[in-house]
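A short write-up of the structure that comes next.
The values are calculated or read from the model by the stated rules, or taken from the named source; none is laboratory data. Just so we're clear, the structure is a prediction, and the values are computed from it rather than from any experiment. Don't worry about glycine lacking a Cβ; one is built from the backbone with ideal geometry, like all the others, and counts go over all protein chains shown. The area values use the complete protein model at the heavy-atom level, side chains included, leaving out ligands, DNA and RNA. Shrake-Rupley method; radii C 1.70, N 1.55, O 1.52, S 1.80 Å.
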Amino acid sequence: MAAEYDVSALRVEGLWKWFGPRCPRCSTGREEALERNYCPDCGTVYALRDLSFRLFEGEVLGVVGESGSGKSTILNCLYYDMEPSAGAAYLSSFEGGESDVFSVSAQAKRTVRNTLLGKVYQNALLGLKMGFSSISNVAEKLIASGDRNASRMEARAVELLGHVNIPPYRMRENPEFFSGGMQQRVQIAKALSNNPPVLLLDEVTTGLDLSVQAKVLDLVKQIQRELGISMLLVSHDLGVVRMLADRTVVMLNGKVVEAGLTDQILEDPQEPYTQELVHSML
Amino acid sequence: MDAMLAIEGLGKTFSVHQLGKRIKACEGIDLAVAAGEFIGITGRSGSGKSTILKLIYRSYLPQKGRAWYRSERFGPIDLFQTSERQILYLRRREIGYVSQFLNLVPRTTARDSIEQAALEVGMGSERAREEAERMLRHFELDEELWDSYASTFSGGEKLRLNVARAMVKHPRLLLLDEPTASLDERSKGKVRELIGKLKAEGTTMLGIFHDLRFMEGLCDREYGMGLGRFVSDALPVAGAPP
Ligand SMILES: Nc1ncnc2c1ncn2[C@@H]1O[C@H](COP(=O)(O)OP(=O)(O)OP(=O)(O)O)[C@@H](O)[C@H]1O
Ligand SMILES: Nc1ncnc2c1ncn2[C@@H]1O[C@H](COP(=O)(O)OP(=O)(O)O)[C@@H](O)[C@H]1O
Ligand SMILES: [Mg+2]
Ligand SMILES: [Mg+2]
Ligand SMILES: [Zn+2]
């Protein structure tokens, strides 16, 4: 039995995702075959290359890296928006962490997605049905997670939307007319609706005004403190990660270049790439 | 092992890749702190004092040497080999650190930031609230500021808040990096008073002080950084007979 500080909520092992046919040269997995994450011979893009990490219970794990480094692809694979090319992932809340969630039945995958995970998409258009009210958007996830009681669902949706500060008189509006910050908050309410043990956050604050960013970050911090949900927090903004993450993983070209305590990554980065990233922030 | 903390052969050299430079911050440091002892580190600027504390706290990646620490939860461990998860646990529950620079949680009120620190060590919410108020009062922060964001505070107010956050936990081991620098005499006195209180409670302390005279009577031994050894034992207790 692992001690309470050492229980992983999610464990990812040897995750690969490539787009393209692969050729004998690049399928050896050798570094020299690629230009960044791309094989010039066959045009295959390697979005993730042999990625492994653990997300501990109650922890916020930051994932940083430049555009195209593979951050969103991790979340896409974990939320079944995309099929991984190889690798395994284990959720402690699913079959005692014994089963690889990538290789279970389609029905089991639906259960994992609907009851054990929540996700906030980088692009709100993907996370929300813009033509339906905010209440319906949250209820959709509740229905998926097995709730059938209309009045209870509505009450829960109202409660969650209130929690993320959507004023009651706007809850029946379609999010298409909301500001970016409000859309993100509706996404967060939706992602939280099934009380997921693991929350996947993809650039929750990107593209928002600074003051709105701060409010969304406050919300994430508050959720973390009150509910103790484990979060995988993807961001290209080191400031966001500094504020929220206990540990941080730095990605480049589909690989982890450096991982460590967040303050250590920021104050004493080891790799040339991480040093550049950190110094460009300061 | 009698010591609460024993540093052996500690060394750190930074590599700054873009500049192709290597900076040796410290080397061959041996130093032991007994349980309940308060050791002061002195030395000129750039001599590597802060680097030692940051290595112990693991804000810097350890490179050379060992840092034996007698943990309440884990027993004797080498902080340089301990897992990140254990370090995070120790930071919450056992080891406090007051930075030379102001690093307060953004967008958190003074009251909340102290309260959260207290909650981390497992204090009940009522008690945490009381302790937070006691700290705010002790450091004479204006009541108007209690519920304001710390980011709007003056340098000295922030520093006092920093110290309060670390001290409200009554840590087993407290690392202090110039906690009184840039404070006025009155606030310095307040910090000193709390250090005295923690010492009486048995907290082990390792602190960097520009001017150790101010800690007279509290600090047990002085470690001179440039010299790489202890330069004085048992600083005279103020007012004690010669
Ligand atoms: N459906 C796809 N088809 C082909 N290539 C893709 C696809 N999705 C992602 N990629 C490629 O995989 C790599 C990783 O993309 P990903 O979206 O994960 O990056 P990211 O780190 O999230 O970047 P950003 O910070 O811009 O959001 C990129 O080179 C991208 O072009
Ligand atoms: N994160 C870092 N990266 C590169 N060099 C550093 C870093 N931290 C400290 N140094 C260097 O190490 C030396 C010792 O610094 P420091 O421990 O802060 O000194 P002190 O606290 O004694 O003034 C200095 O030359 C400083 O520039
Ligand atoms: Mg992305
Ligand atoms: Mg210093
Ligand atoms: Zn190829």
Task: Spans of helices (runs of 4 or more DSSP H) in the stretch B:105-186 with at least 2 residues within 14 Å of chain A (Cβ to nearest Cβ) and open to solvent by less than 60 Å² (accessible area, probe 1.4 Å) - done: B:110-120
Task: Selection from the stretch A:1-35 of residues that are within 16 Å of ligand 3 (Cβ to nearest atom) and either open to solvent by 40 Å² or more (accessible area, probe 1.4 Å) or farther than 24 Å from residue A:118 by Cα (or both) - done: A:19
TODO: Determine whether residue B:50 is out of contact with any helix residue (DSSP H, G or I) (no Cβ under 9 Å at 6 or more places or on another chain) and away from chain A (no Cβ under 14 Å).
DONE: no
Open item on the list: Any residue that is within 13 Å of residue A:231 (Cα to Cα) and in contact with an Asp or Glu (Cβ under 7 Å, 6 or more places away or on another chain) - is there at least one of those in the stretch A:74-92?
Closed with: yes
TODO: Find the residue count for the stretch B:4-29, including only residues that are under 13 Å from residue B:56 (Cβ atoms) and away from every other protein chain (no Cβ under 11 Å).
DONE: 8
TODO: Scan (1) within 18 Å of the chain's Cα centre (by Cα); (2) open to solvent by 30 Å² or more (accessible area, probe 1.4 Å); (3) away from ligand 1 (no atom under 16 Å from the Cβ) for the single condition residue A:81 breaks and write down its number.
DONE: (3)
Open item on the list: Residues that are at pLDDT below 95, open to solvent by 40 Å² or more (accessible area, probe 1.4 Å) and facing another protein chain (nearest Cβ under 9 Å): does the stretch B:97-104 have at least one?
Closed with: yes
Task: Subset of the stretch A:246-277 (residues that are within 11 Å of another protein chain (Cβ to nearest Cβ), open to solvent by less than 10 Å² (accessible area, probe 1.4 Å) and among the hydrophobic types (A, V, I, L, M, F, W, C)) - done: A:261, A:265
TODO: Considering only the stretch B:13-87, give the strands (runs of 3 or more DSSP E) lying wholly within it that have at least 1 residues that are within 14 Å of ligand 4 (Cβ to nearest atom).
DONE: B:21-34, B:38-42
- [ ] Six or more apart or on different chains, Cβ under 7 Å: which pairs go from a residue in the stretch A:4-21 that's within 16 Å of ligand 4 (Cβ to nearest atom) to one that's at pLDDT below 95 and outside any strand (DSSP E or B)? Could you list them?
- [x] none
Task: Subset of the stretch A:1-35 that is outside any loop (DSSP other than H, G, I, E, B) and among the charged types (D, E, K, R) - its residue that is farthest from the other protein chains (Cβ to nearest Cβ) - done: A:17
Open item on the list: Kindly evaluate residue A:60 against the criterion of being in contact with a Ser or Thr (Cβ under 8 Å, 6 or more places away or on another chain), open to solvent by 20 Å² or more (accessible area, probe 1.4 Å) and more than 16 Å from ligand 5 (Cβ to nearest atom).
Closed with: no
- [ ] Select from the stretch B:131-182 the residues that are aromatic (Phe, Trp, Tyr) and within 17 Å of residue B:193 (Cα to Cα) and list them in ascending order.
- [x] B:139
